Amino acid sequence: IHANLNTKKRAKNFKLIFLFSFILGLGLGNHYAILISTLPALIFLIFQSEVKKILNPRGILFSLALLLLGVSIYLYLPIRSSIHPVFNWGNPANLKQFFSSVLALESVQKIGLNSGTDFWSKISGIAQLLSEQLGVLAIIIASLGFIHLLKLNKKIFWFSIILILGNCLITALLTDEFISDNPDLHGYLIPSLIALILGFFAGVLFIFQSLKILLSKKVFSLYFQKTAYSIAVVLIIVICLTPLYNFYPKANLSKNNFPFNYAMSVISGLPRNSVVFLDNPNLDFILRGLQYGDGIRPDLIILNRSFLAANWYFLQEKNKNLQIFQGINKFRS
(Lines give C-alpha, C1' and ligand atoms only; values in the text may rest on other atoms or scores of the structure.)
Protein backbone atom coordinates (compact mmCIF):
# COMPACT_ATOMS: atom_id res chain seq x y z
CA ILE A 1 0.00 0.00 0.00
CA HIS A 2 2.84 2.37 0.90
CA ALA A 3 4.54 1.68 -2.44
CA ASN A 4 1.29 2.31 -4.33
CA LEU A 5 0.79 5.63 -2.51
CA ASN A 6 4.35 6.73 -3.41
CA THR A 7 3.76 5.77 -7.04
CA LYS A 8 0.55 7.83 -7.13
CA LYS A 9 2.32 10.82 -5.56
CA ARG A 10 5.14 10.64 -8.10
CA ALA A 11 2.59 10.43 -10.93
CA LYS A 12 0.84 13.55 -9.59
CA ASN A 13 4.15 15.40 -9.34
CA PHE A 14 5.08 14.44 -12.89
CA LYS A 15 1.70 15.64 -14.15
CA LEU A 16 2.24 18.95 -12.32
CA ILE A 17 5.67 19.35 -13.96
CA PHE A 18 4.27 18.57 -17.40
CA LEU A 19 1.37 20.97 -16.85
CA PHE A 20 3.75 23.64 -15.58
CA SER A 21 6.00 23.17 -18.66
CA PHE A 22 3.01 23.90 -20.88
CA ILE A 23 2.03 26.93 -18.79
CA LEU A 24 5.62 28.21 -18.98
CA GLY A 25 5.40 28.06 -22.76
CA LEU A 26 2.17 30.05 -22.69
CA GLY A 27 3.82 32.52 -20.29
CA LEU A 28 6.64 33.05 -22.75
CA GLY A 29 3.92 34.07 -25.20
CA ASN A 30 3.28 37.06 -22.94
CA HIS A 31 6.84 38.02 -21.98
CA TYR A 32 10.17 36.36 -21.21
CA ALA A 33 9.95 37.85 -17.68
CA ILE A 34 7.18 35.36 -16.84
CA LEU A 35 9.35 32.45 -17.97
CA ILE A 36 12.35 33.60 -15.93
CA SER A 37 10.38 34.53 -12.82
CA THR A 38 8.61 31.15 -12.58
CA LEU A 39 11.73 29.00 -12.99
CA PRO A 40 12.44 28.82 -9.19
CA ALA A 41 9.01 27.21 -8.69
CA LEU A 42 9.66 24.75 -11.54
CA ILE A 43 13.07 23.81 -10.09
CA PHE A 44 11.43 23.22 -6.70
CA LEU A 45 8.81 21.01 -8.34
CA ILE A 46 11.48 18.95 -10.14
CA PHE A 47 13.56 18.39 -7.00
CA GLN A 48 10.44 17.36 -5.09
CA SER A 49 9.63 14.77 -7.76
CA GLU A 50 12.75 12.59 -7.58
CA VAL A 51 15.09 14.27 -10.03
CA LYS A 52 16.54 11.07 -11.47
CA LYS A 53 13.14 9.81 -12.59
CA ILE A 54 11.98 13.06 -14.18
CA LEU A 55 15.33 13.98 -15.76
CA ASN A 56 15.34 11.05 -18.17
CA PRO A 57 15.27 11.44 -21.97
CA ARG A 58 11.57 10.62 -22.21
CA GLY A 59 10.55 13.01 -19.41
CA ILE A 60 12.74 15.83 -20.73
CA LEU A 61 11.50 15.42 -24.31
CA PHE A 62 7.86 15.35 -23.18
CA SER A 63 8.37 18.49 -21.04
CA LEU A 64 10.08 20.28 -23.94
CA ALA A 65 7.28 19.20 -26.29
CA LEU A 66 4.70 20.72 -23.94
CA LEU A 67 6.81 23.87 -23.57
CA LEU A 68 6.99 24.21 -27.35
CA LEU A 69 3.27 23.56 -27.62
CA GLY A 70 2.67 26.56 -25.37
CA VAL A 71 5.14 28.70 -27.32
CA SER A 72 3.52 27.61 -30.61
CA ILE A 73 1.14 30.57 -30.34
CA TYR A 74 4.06 32.51 -31.86
CA LEU A 75 3.62 30.62 -35.15
CA TYR A 76 1.10 33.33 -35.97
CA LEU A 77 3.94 35.84 -36.33
CA PRO A 78 5.71 34.53 -39.48
CA ILE A 79 2.31 33.83 -41.09
CA ARG A 80 1.14 37.40 -40.48
CA SER A 81 4.55 38.83 -41.36
CA SER A 82 4.55 37.09 -44.76
CA ILE A 83 1.49 39.02 -45.96
CA HIS A 84 3.16 42.42 -45.53
CA PRO A 85 1.31 44.12 -42.65
CA VAL A 86 1.40 47.88 -42.21
CA PHE A 87 3.72 47.64 -39.19
CA ASN A 88 5.80 44.46 -39.23
CA TRP A 89 7.28 44.45 -35.71
CA GLY A 90 10.61 42.61 -35.66
CA ASN A 91 10.02 41.32 -39.21
CA PRO A 92 9.76 37.67 -38.05
CA ALA A 93 9.57 36.36 -41.63
CA ASN A 94 12.90 34.49 -41.38
CA LEU A 95 14.12 32.07 -38.72
CA LYS A 96 16.64 34.47 -37.14
CA GLN A 97 14.18 37.34 -36.76
CA PHE A 98 11.48 34.92 -35.60
CA PHE A 99 13.60 33.68 -32.67
CA SER A 100 14.69 37.24 -31.94
CA SER A 101 11.03 38.26 -31.62
CA VAL A 102 10.01 35.20 -29.60
CA LEU A 103 12.88 35.55 -27.13
CA ALA A 104 12.66 39.38 -27.11
CA LEU A 105 16.44 39.51 -27.59
CA GLU A 106 16.53 43.30 -27.99
CA SER A 107 14.80 43.68 -24.61
CA VAL A 108 16.94 41.01 -22.95
CA GLN A 109 20.12 42.86 -23.96
CA LYS A 110 18.84 45.94 -22.10
CA ILE A 111 18.19 44.13 -18.82
CA GLY A 112 19.73 45.95 -15.88
CA LEU A 113 19.64 44.51 -12.39
CA ASN A 114 18.85 47.22 -9.86
CA SER A 115 19.25 47.03 -6.11
CA GLY A 116 19.01 49.17 -2.98
CA THR A 117 16.18 51.58 -2.26
CA ASP A 118 14.85 51.51 -5.81
CA PHE A 119 14.50 47.72 -5.74
CA TRP A 120 12.64 47.67 -2.43
CA SER A 121 10.37 50.50 -3.53
CA LYS A 122 9.43 48.36 -6.52
CA ILE A 123 8.77 45.38 -4.25
CA SER A 124 6.53 47.58 -2.12
CA GLY A 125 4.74 48.81 -5.25
CA ILE A 126 4.21 45.26 -6.50
CA ALA A 127 2.77 44.19 -3.13
CA GLN A 128 0.42 47.18 -3.19
CA LEU A 129 -0.59 46.43 -6.79
CA LEU A 130 -1.47 42.80 -5.95
CA SER A 131 -3.44 43.97 -2.93
CA GLU A 132 -5.35 46.52 -5.03
CA GLN A 133 -6.06 43.99 -7.78
CA LEU A 134 -7.60 41.39 -5.48
CA GLY A 135 -8.62 43.47 -2.46
CA VAL A 136 -7.31 43.39 1.10
CA LEU A 137 -9.99 40.94 2.31
CA ALA A 138 -9.19 38.54 -0.54
CA ILE A 139 -5.48 38.67 0.35
CA ILE A 140 -6.31 37.91 4.02
CA ILE A 141 -8.48 34.94 2.97
CA ALA A 142 -5.71 33.77 0.59
CA SER A 143 -3.26 33.90 3.53
CA LEU A 144 -5.64 31.68 5.54
CA GLY A 145 -5.80 29.39 2.51
CA PHE A 146 -2.02 29.05 2.36
CA ILE A 147 -1.89 28.25 6.10
CA HIS A 148 -4.54 25.60 5.45
CA LEU A 149 -2.48 24.24 2.53
CA LEU A 150 0.58 24.01 4.80
CA LYS A 151 -1.32 21.48 6.91
CA LEU A 152 -2.84 19.61 3.97
CA ASN A 153 -0.02 19.54 1.43
CA LYS A 154 3.36 21.12 2.19
CA LYS A 155 4.63 20.66 -1.38
CA ILE A 156 1.78 22.66 -2.90
CA PHE A 157 2.17 25.28 -0.15
CA TRP A 158 5.89 25.78 -0.78
CA PHE A 159 5.41 25.63 -4.54
CA SER A 160 2.82 28.46 -4.30
CA ILE A 161 5.01 30.57 -2.00
CA ILE A 162 8.12 30.10 -4.18
CA LEU A 163 6.06 30.91 -7.28
CA ILE A 164 4.80 34.18 -5.78
CA LEU A 165 8.16 35.23 -4.30
CA GLY A 166 10.13 34.30 -7.42
CA ASN A 167 7.65 36.03 -9.70
CA CYS A 168 7.59 39.25 -7.63
CA LEU A 169 11.33 39.46 -6.87
CA ILE A 170 12.52 38.72 -10.41
CA THR A 171 9.88 41.03 -11.92
CA ALA A 172 11.22 43.81 -9.66
CA LEU A 173 14.77 43.06 -10.84
CA LEU A 174 13.89 43.00 -14.55
CA THR A 175 11.71 46.11 -14.71
CA ASP A 176 13.43 49.48 -15.13
CA GLU A 177 10.76 51.38 -13.21
CA PHE A 178 7.52 50.70 -11.37
CA ILE A 179 4.39 52.17 -12.94
CA SER A 180 1.29 50.85 -11.18
CA ASP A 181 -1.06 51.36 -14.14
CA ASN A 182 1.32 49.83 -16.70
CA PRO A 183 -0.58 46.85 -18.20
CA ASP A 184 2.72 45.15 -19.10
CA LEU A 185 3.65 44.96 -15.41
CA HIS A 186 0.26 43.44 -14.61
CA GLY A 187 0.98 40.79 -17.25
CA TYR A 188 4.31 39.88 -15.67
CA LEU A 189 2.55 39.29 -12.35
CA ILE A 190 -0.10 36.91 -13.71
CA PRO A 191 1.54 33.85 -12.01
CA SER A 192 1.33 35.58 -8.62
CA LEU A 193 -2.27 36.59 -9.20
CA ILE A 194 -3.21 33.03 -10.19
CA ALA A 195 -1.45 31.59 -7.11
CA LEU A 196 -3.17 34.11 -4.82
CA ILE A 197 -6.57 33.34 -6.37
CA LEU A 198 -6.02 29.61 -5.78
CA GLY A 199 -4.98 30.47 -2.21
CA PHE A 200 -8.19 32.49 -1.89
CA PHE A 201 -10.34 29.50 -2.86
CA ALA A 202 -8.39 27.31 -0.43
CA GLY A 203 -9.13 29.97 2.22
CA VAL A 204 -12.84 29.95 1.34
CA LEU A 205 -12.86 26.17 1.70
CA PHE A 206 -11.15 26.48 5.09
CA ILE A 207 -13.67 29.10 6.26
CA PHE A 208 -16.68 26.96 5.33
CA GLN A 209 -15.13 23.87 6.90
CA SER A 210 -14.51 25.80 10.11
CA LEU A 211 -18.01 27.26 9.96
CA LYS A 212 -19.48 23.78 9.54
CA ILE A 213 -17.61 22.49 12.61
CA LEU A 214 -18.63 25.53 14.64
CA LEU A 215 -22.32 25.42 13.66
CA SER A 216 -22.62 21.66 14.12
CA LYS A 217 -22.91 22.20 17.87
CA LYS A 218 -26.38 21.71 19.30
CA VAL A 219 -26.39 25.26 20.66
CA PHE A 220 -27.26 26.66 17.21
CA SER A 221 -30.68 26.15 15.65
CA LEU A 222 -31.15 24.98 12.04
CA TYR A 223 -32.49 28.43 11.12
CA PHE A 224 -29.39 30.11 12.56
CA GLN A 225 -27.11 27.69 10.67
CA LYS A 226 -28.81 28.41 7.33
CA THR A 227 -28.68 32.16 7.99
CA ALA A 228 -24.96 32.03 8.88
CA TYR A 229 -24.16 30.03 5.74
CA SER A 230 -26.19 32.44 3.58
CA ILE A 231 -24.41 35.48 5.04
CA ALA A 232 -21.02 33.82 4.50
CA VAL A 233 -21.86 33.00 0.86
CA VAL A 234 -23.04 36.57 0.21
CA LEU A 235 -19.86 38.03 1.77
CA ILE A 236 -17.65 35.77 -0.35
CA ILE A 237 -19.54 36.77 -3.51
CA VAL A 238 -19.17 40.47 -2.59
CA ILE A 239 -15.42 40.01 -2.03
CA CYS A 240 -15.13 38.25 -5.42
CA LEU A 241 -17.05 41.01 -7.22
CA THR A 242 -15.26 43.93 -5.54
CA PRO A 243 -12.32 43.99 -8.02
CA LEU A 244 -14.82 44.05 -10.90
CA TYR A 245 -16.62 47.00 -9.31
CA ASN A 246 -13.36 48.85 -8.60
CA PHE A 247 -11.60 48.32 -11.92
CA TYR A 248 -14.33 48.16 -14.55
CA PRO A 249 -14.45 51.97 -14.90
CA LYS A 250 -10.67 51.97 -15.47
CA ALA A 251 -10.80 49.04 -17.91
CA ASN A 252 -13.73 50.46 -19.87
CA LEU A 253 -12.08 52.91 -22.27
CA SER A 254 -14.98 53.12 -24.73
CA LYS A 255 -15.49 56.82 -23.92
CA ASN A 256 -11.81 57.73 -23.63
CA ASN A 257 -11.21 60.17 -26.52
CA PHE A 258 -7.90 61.50 -25.23
CA PRO A 259 -5.64 59.42 -27.57
CA PHE A 260 -7.67 60.47 -30.62
CA ASN A 261 -7.74 64.14 -29.64
CA TYR A 262 -4.04 64.12 -28.75
CA ALA A 263 -3.03 62.56 -32.08
CA MET A 264 -5.28 64.89 -34.06
CA SER A 265 -3.76 67.92 -32.33
CA VAL A 266 -0.32 66.73 -33.47
CA ILE A 267 -1.12 66.19 -37.16
CA SER A 268 -4.13 68.38 -37.98
CA GLY A 269 -2.12 71.48 -38.91
CA LEU A 270 0.69 69.76 -40.84
CA PRO A 271 1.11 70.43 -44.58
CA ARG A 272 0.36 67.59 -47.00
CA ASN A 273 3.05 64.91 -47.50
CA SER A 274 4.91 65.97 -44.38
CA VAL A 275 7.46 63.70 -42.68
CA VAL A 276 6.70 63.33 -38.96
CA PHE A 277 9.58 62.30 -36.69
CA LEU A 278 8.51 60.86 -33.34
CA ASP A 279 10.28 59.63 -30.23
CA ASN A 280 7.16 58.19 -28.66
CA PRO A 281 6.05 54.58 -29.44
CA ASN A 282 2.54 55.13 -28.06
CA LEU A 283 1.88 58.13 -30.29
CA ASP A 284 3.33 56.15 -33.21
CA PHE A 285 0.74 53.38 -32.76
CA ILE A 286 -2.11 55.89 -32.39
CA LEU A 287 -1.14 57.74 -35.57
CA ARG A 288 -0.88 54.51 -37.54
CA GLY A 289 -4.32 53.55 -36.25
CA LEU A 290 -5.69 56.86 -37.53
CA GLN A 291 -3.94 56.48 -40.88
CA TYR A 292 -4.69 52.86 -41.72
CA GLY A 293 -7.75 52.21 -39.55
CA ASP A 294 -9.68 55.46 -40.01
CA GLY A 295 -8.08 56.74 -43.23
CA ILE A 296 -7.04 60.05 -41.59
CA ARG A 297 -4.00 61.81 -43.11
CA PRO A 298 -2.59 58.84 -45.09
CA ASP A 299 -0.33 61.38 -46.87
CA LEU A 300 1.92 61.72 -43.81
CA ILE A 301 5.12 59.67 -43.43
CA ILE A 302 5.51 58.62 -39.79
CA LEU A 303 9.05 57.80 -38.63
CA ASN A 304 9.82 56.80 -35.07
CA ARG A 305 13.31 57.85 -34.04
CA SER A 306 13.36 55.43 -31.09
CA PHE A 307 12.77 52.48 -33.48
CA LEU A 308 15.17 53.52 -36.24
CA ALA A 309 18.17 51.99 -34.44
CA ALA A 310 16.56 48.55 -34.93
CA ASN A 311 17.69 47.12 -38.26
CA TRP A 312 14.30 45.54 -39.05
CA TYR A 313 12.49 48.87 -38.63
CA PHE A 314 15.12 50.83 -40.56
CA LEU A 315 14.94 48.45 -43.55
CA GLN A 316 11.14 48.37 -43.41
CA GLU A 317 10.85 52.17 -43.57
CA LYS A 318 13.66 52.47 -46.11
CA ASN A 319 11.84 50.10 -48.49
CA LYS A 320 8.67 52.18 -48.17
CA ASN A 321 10.37 55.61 -48.38
CA LEU A 322 13.47 55.28 -50.57
CA GLN A 323 13.56 59.01 -51.31
CA ILE A 324 14.06 59.84 -47.61
CA PHE A 325 16.70 57.19 -46.90
CA GLN A 326 18.65 57.56 -50.14
CA GLY A 327 22.36 57.02 -49.47
CA ILE A 328 21.75 55.94 -45.82
CA ASN A 329 22.65 52.33 -45.05
CA LYS A 330 22.30 52.38 -41.28
CA PHE A 331 20.76 54.68 -38.70
CA ARG A 332 22.80 55.71 -35.67
CA SER A 333 20.92 57.03 -32.66
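The table for this structure:
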{"read-out": "Selected from P281, P78, P243 as most flexible by GNM, with the chain as the system and alpha-carbon contacts under 10 Å", "value": "P281"}
{"read-out": "Segment 188-204 - phi-based ³J(HN,Hα) in whole Hz, Karplus 6.51/-1.76/1.60, Gly and Pro as x", "value": "4, 8, 4, x, 5, 5, 5, 4, 5, 5, 5, x, 4, 5, 5, x, 4"}
{"read-out": "Highest-fluctuation residue, I194, I286, I23 considered, GNM on the chain with Cα pairs under 10 Å", "value": "I286"}
{"read-out": "Percent carbon-and-sulfur accessible area, the chain, ignoring ligands, DNA and RNA, probe 1.4 Å", "value": "67 percent"}
{"read-out": "Given charges at Cβ of Lys, Arg, Asp, Glu: segment 175-333 dipole, positive-most of G289, N256, V204", "value": "V204"}
{"read-out": "Choice from I207, I170, I161 with maximal GNM fluctuation in the chain (Cα, 10 Å cutoff)", "value": "I207"}
{"read-out": "Sum of -39500 (n - 2.57) over DSSP H runs of 4+, divided by residues of the chain (222 nm, nearest 500)", "value": "-22000 deg cm²/dmol"}
{"read-out": "Helix 57-71 axis, angle to the chain major axis (alpha carbon atoms, nearest 10°)", "value": "60 degrees"}
{"read-out": "Surface accessible to a 1.4 Å probe, per residue, for the residues of the chain, Å²", "value": "63 Å²"}
{"read-out": "Calculated from backbone phi, Karplus (6.51, -1.76, 1.60) coupling profile of segment 225-241 in Hz, x at Gly/Pro", "value": "4, 5, 5, 4, 4, 4, 4, 4, 4, 4, 4, 5, 4, 4, 4, 5, 8"}
{"read-out": "Acute angle (nearest 10 degrees) that the helix 154-174 long axis makes with the longest principal axis of the chain, alpha-carbon atoms", "value": "20 degrees"}
{"read-out": "Rounded tilt (10° steps) of 117-134 against the dominant C-alpha axis of the chain", "value": "70 degrees"}
{"read-out": "Derived scalar couplings ³J(HN,Hα) [segment 85-100; Karplus, 6.51 cos²θ - 1.76 cosθ + 1.60; whole Hz; x for Gly, Pro]", "value": "x, 4, 10, 9, 4, x, 6, x, 6, 10, 4, 5, 5, 5, 5, 5"}
{"read-out": "N280 long-range amide H proximity, modeled H, under 5 Å", "value": "R305, S306"}
{"read-out": "Listed residue pairs exceeding 28 Å between alpha carbons, taken from K250/K318; K122/K250; K96/K318; K15/K151", "value": "K250/K318"}
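The values are calculated or read from the model by the stated rules, or taken from the named source; none is laboratory data. What you are looking at is a predicted structure, and each value in this text was computed from that prediction instead of being measured. Methodologically, a virtual Cβ is constructed for each residue, glycine included, from the backbone with ideal geometry; neighbour enumeration extends over all protein chains shown. For accessibility, only protein heavy atoms count, side chains too; no ligands or nucleic acids. Shrake-Rupley method; radii C 1.70, N 1.55, O 1.52, S 1.80 Å.
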